[in-house]
Amino acid sequence: MIYYKHYMGDYQRHTGHLTLTQDGAYRRMMDHYYSTEEPLPASPDALYRICGAMEKKEREAVDFIAKSFFTKVAGQLHHQRIDEEVSIAQEKIANLKANAQAGGKESGKKRASKIEANASPNAQADDEAKTNISHKSVVSSKSKDLQKPIALAALPSWLSESIWSDWVNYRKSIKAPLTQKAAELCIAKLEALKSAGNDPKDVIDQSIMSGKWTGLFPIKVDVKNVASPMNKAKFDPTAYVNRNAPRNAK
């Protein structure tokens, strides 16, 4: 992605407690995430290089942001909002490419029709009839694609027809029907999430329960008992000490 939406009000509400250094680290991590359209590496050294963190305080800021705003899944740091925005952008680009290809084919047919019309006095009437039939076929074909984004026979063995149908019907209900390309991207994303330990049914159910998500994301981690600046009331000092004690301590 070459740009992304930045909602200042939302950002301020979630980051108003950050120091200037922490805020700078967060913005650099987000910029890298959006530009590569890939989750961040979980390795601290890799994050330091991405953020240009050289000083101790800068590296502490990077560590804090990674723990506070990202979820570690299969060696990568995921951000739910960014994953959703990237997914939406990828689908829009896929749709634009598909529409451009369809438009190019239609223009070629029109040029061919004009050539034939000049060659025969009766060709124009014939071409109009053929064009109408062709147009209806294209519209019908596109309509079928929207109704059935990908053939059930093409679904991978680990993805059941009923689970996939739930996802297709949900996307229709929020007025974001799947194109063929979008369906393929969703299945690829499900496969990647499955490899990372996420059950495909749970992933789809999670997005459906949101009532607005158009993408598929890792299952959210239960953070009820995790201490953070946003959850101070539930901070357990004993658990914190035990959790951060050196492993070889006796």
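Averaging the Cα positions of each part gives two centres, and for the range 22-76 and the range 173-198 these lie 26 Å apart. Residue pairs exceeding 26 angstrom between C-alpha atoms, taken from Lys5/Lys220; Lys56/Lys220; Lys72/Lys97; Lys172/Lys201: Lys56/Lys220; Lys72/Lys97.
Backbone amide hydrogens, once placed in the peptide plane, bring Leu40 within less than 5 Å of Leu77, excluding anything fewer than 5 places away on its chain. Packing order of peptides 88-101, 17-30, highest average first: 17-30, 88-101 (average count of other Cβ atoms within 10 Å over each peptide's residues). Between the amide H of Ile174 and any residue lying 5 or more places away or on another chain, no distance stays under 5 Å, with hydrogens modeled in the peptide plane.
For Lys5 and Ser157, the FRET efficiency from 1/(1 + (r/R0)^6), where r spans their Cβ atoms and R0 equals 45 Å, is about 0.75. For the Cα trace of the range 8-78, dividing Rg by the Kirkwood Rh returns an Rg/Rh value of 0.94. Each Lys and Arg Cβ is given +1 and each Asp and Glu Cβ -1; about its Cα centre, the range 8-78 then shows a dipole of about 160 debye. Amide H to amide H, with H built 1.01 Å from N, Lys72 comes under 5 Å of His78, counting only residues 5 or more places away or on other chains.
Read the figures in this text as sums done on the coordinates, not as results from a lab. Here the structure is a predicted model, which is why all the values come from computation and not from measurement. Glycine also receives a Cβ, built like all others from the backbone with ideal geometry; neighbour counts cover every protein chain displayed.
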